[in-house]
Amino acid sequence: MSSEPLLLTPGPLTTSSSVKQAMLHDYGSRDEKFILLSEQVCQSLLQLVNADSTYQCVPLQGSGTFAVEAMLASLIPANGKLLNLVNGAYGKRINEICNYLNRETVVLEFAENMPIDTGAVADILSSDPTISHVSLVYCETTSGIINPVKEIAQIVREHDKQLLLDAMSAFGALPIDVEEMPCTAIAASSNKCLQGVPGVGFVIVEEQALSNSEANSHSLSLDLYAQWQGLQKNGQWRFTPPVQVLLGLQQALQELTDEGGPTARLQRYQENASILVNGMCELGFTPYLAEDVQAPIIITFLMPTAEQFVFSDFYHKLQQHGYVIYPGKLTEVNSFRIGCIGHLTPTQMQKFIDVVSEVLTEMDVSFS
Ligand SMILES: *Cc1c(COP(=O)(O)O)cnc(C)c1O
């Protein structure tokens with residue numbers, strides 16, 4: 001397993017060998033052990049965001065987008081109206097989903113290097129009383145920018161609207177406390193900061209909103225209400241559950257606790273990020289975002305203009321050394337991205353910087 005590359009990407013990520021080991025079992029979907037496992041995982045996820053019994057956790061087969069789509073489809077009624085706050089590709093994906101769902105959507109969009117402006121959100125909510133829901137991406141993984149979730153959550157609650165949060169690349173590391181950050185629903189997945197393997201998403205949702213959501217969804221498999229009802233009835237998932245993914249997630253949640261919880265995990269990611277940013281800057285690279293809006297999740301670097309720097313060569317050489325980075329998908333600037341999350345230590349990050357330095361020498365690149 002040591003020959004596997006380190007994934008410095010936005011997910012899937014490098015997982016620990018103990019998480020992979022934990023998956024080496026076969027459980028039937030009606031097996032009591034599995035039913036208990038999925039209950040325990042859901043309880044742990046609720047505890048992580050300080051959710052009391054007024055919230056439910058509904059797990060769903062699939063990647064993170066399945067959970068986001070289920071959240072939007074199930075919680076926004078056909079006559080609802082969504083204010084979607086956008087500053088990157090995942091916000092735009094919410095627009096795309098709402099087009100499929102035929103939900104009326106108002107979009108407030110900012111540049112990819114600008115956090116969502118809280119004043120503009122308040123203004124739009126004051127001027128358009130027909131808006132029923134607001135959607136927001138906590139950390140826009142497109143650039144790695146962090147949005148002012150706490151402030152926006154409070155504004156949304158003051159206007160008596162419902163906040164639907166995509167916390168995919170935040171959950172398990174960046175602070176989420178539903179007492180301080182009132183949300184109607186939070187969608188996330190197993191394989192980002194929780195450091196599980198991909199294959200399950202989940203939505204943490206206020207029970208009141210969930211109870212009111214019967215028959216909203218256009219889709220059988222993405223119906224959160226039906227999934228919840230199924231689980232309530234007998235603890236079973238409606239369709240084949242990703243048993244091994246849940247086993248891996250249970251182990252990953254234990255490792256999160258052992259590490260010291262989200263605060264300690266965030267601290268490790270912060271160390272990873274600062275080694276990465278400082279090291280890359282010393283080598284002549286420039287981060288895209290201002291420091292104060294950068295989350296320690298994934299860092300976007302501007303594509304160097306030096307002639308000898310050919311990104312595909314850089315990428316493949318790093319891969320040969322055992323590191324996988326990620327091309328950028330920004331609409332405005334040419335860039336690439338390097339992730340700081342996953343089962344990855346500051347020592348490994350330092351090693352990576354040394355390898356980048358070697359690769360630049362091999363490529364005969366100099367930025368001066
Ligand atoms: C990863 C991610 C998603 C979901 O992506 P999948 O590829 O479907 O797992 C959604 N939103 C954000 C902010 C993400 O980082």
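The values are calculated or read from the model by the stated rules, or taken from the named source; none is laboratory data. The structure presented is a predicted model; accordingly, all values stated were derived computationally and were not measured. Note: ideal-geometry Cβ built from the backbone for every residue, glycine included; neighbour counts use all protein chains shown.
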*If you check every pair at least six apart or on different chains, which have Cβ atoms under 6 Å apart with a residue in the range 49-78 that is touching a residue at least 24 places away in the same chain (Cβ under 8 Å) first and a residue that is within 12 Å of the ligand (Cβ to nearest atom) and assigned to a helix (DSSP H, G or I) second?*
LEU60/PHE66; LEU60/ALA67; LEU60/ALA70; GLU69/ILE97; LEU72/ILE97
*Taking interchain pairs and intrachain pairs at least six residues apart, which have beta carbon atoms under 8 angstrom, with the first residue in the range 142-165 and assigned to a helix (DSSP H, G or I) and the second among the polar types (S, T, N, Q)?*
GLU151/THR118; ILE152/THR118; ILE155/THR118; VAL156/GLN162
*asked:* Here's a check for you: in the range 317-334, which residue that is at pLDDT 95 or above and surrounded by 13 or more Cβ atoms within 10 Å (Cβ to Cβ) is farthest from ASN191 (Cα to Cα)?
replied: LYS317
*asked:* Looking at the range 12-38 only, could you name the residues that are within 16 Å of the ligand (Cβ to nearest atom) and touching a Pro at 6+ places or on another chain (Cβ under 7 Å)?
replied: PRO12
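So for the range 228-247 (the condition being within 16 Å of the ligand (Cβ to nearest atom) and either in contact with a helix residue (DSSP H, G or I) (Cβ under 7 Å, 6 or more places away or on another chain) or without any contact (Cβ under 8 Å) to a residue 12 or more places away in the chain (or both)), does at least one residue qualify?
Pass one, the range 228-247, residues within 16 Å of the ligand (Cβ to nearest atom): 242, 245.
Among the residues that remain, those that are also either in contact with a helix residue (DSSP H, G or I) (Cβ under 7 Å, 6 or more places away or on another chain) or without any contact (Cβ under 8 Å) to a residue 12 or more places away in the chain (or both) are: none.
No - not one qualifying residue is present in the range 228-247.
Look through ALA111, ALA73, ALA78, ALA120 and report the one residue that is aliphatic (A, V, I, L, M), part of a helix (DSSP H, G or I) and more than 16 Å from the ligand (Cβ to nearest atom). Walk me through it before giving the result.
Values: ALA111 fails: part of a helix (DSSP H, G or I); ALA73 fails: more than 16 Å from the ligand (Cβ to nearest atom); ALA78 fails: part of a helix (DSSP H, G or I).
On inspection, the qualifying residue turns out to be ALA120.
Got a sec? Which of GLU32, GLU69, GLU104, GLU96 is of a type in the set (Asp, Glu) and surrounded by 23 or more Cβ atoms within 10 Å (Cβ to Cβ)? Full working, then the answer.
Values: GLU32 fails: surrounded by 23 or more Cβ atoms within 10 Å (Cβ to Cβ); GLU104 fails: surrounded by 23 or more Cβ atoms within 10 Å (Cβ to Cβ); GLU96 fails: surrounded by 23 or more Cβ atoms within 10 Å (Cβ to Cβ).
Of GLU32, GLU69, GLU104, GLU96, the one residue that is of a type in the set (Asp, Glu) and surrounded by 23 or more Cβ atoms within 10 Å (Cβ to Cβ) is GLU69.
For (1) within 11 Å of the ligand (Cβ to nearest atom); (2) surrounded by fewer than 20 Cβ atoms within 10 Å (Cβ to Cβ); (3) at pLDDT below 95, each residue gets a yes or a no:
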position	(1), (2), (3)
ILE131	no, no, no
THR142	yes, no, yes
GLU158	no, yes, no
LEU164	no, no, no
MET181	no, no, no
ALA185	no, no, no
ASN191	yes, no, no
GLY196	no, no, no
*For the range 78-96, enumerate the residues that are closer than 20 Å to LYS161 by Cα and out of contact with any Gly (no Cβ under 9 Å at 6 or more places or on another chain).*
ALA78, ASN79, GLY80, LYS81, LEU82, LEU83, VAL86, GLY91, ILE94, ASN95
*asked:* Looking at the range 289-300, I want the residues that are free of Cβ contacts under 8 Å to residues at least 24 places away in the same chain and assigned to a strand (DSSP E or B) and have a partner that is among the β-branched types (Val, Ile, Thr) and surrounded by fewer than 17 Cβ atoms within 10 Å (Cβ to Cβ) with Cβ atoms under 9 Å, at least 6 apart or on another chain. Which pairs are those?
replied: none
*Tally the residues that are touching a Ser or Thr at 6+ places or on another chain (Cβ under 6 Å) and either more than 9 Å from the ligand (Cβ to nearest atom) or among the aliphatic types (A, V, I, L, M) (or both), restricting the search to the range 198-209.*
4
*So which residues in the range 193-216 are part of a loop (DSSP other than H, G, I, E, B), of a type in the set (A, V, I, L, M, F, W, C) and touching a residue at least 40 places away in the same chain (Cβ under 8 Å)?*
CYS193, LEU194, VAL197
_Single condition GLU259 does not satisfy, out of (1) under 26 Å from THR345 (Cβ atoms); (2) touching a residue at least 24 places away in the same chain (Cβ under 8 Å)_ = (2)
*Sort out which residues of the range 81-108 are within 14 Å of THR142 (Cα to Cα), of a type in the set (Val, Ile, Thr) and assigned to a helix (DSSP H, G or I), and write them in order of number.*
ILE94
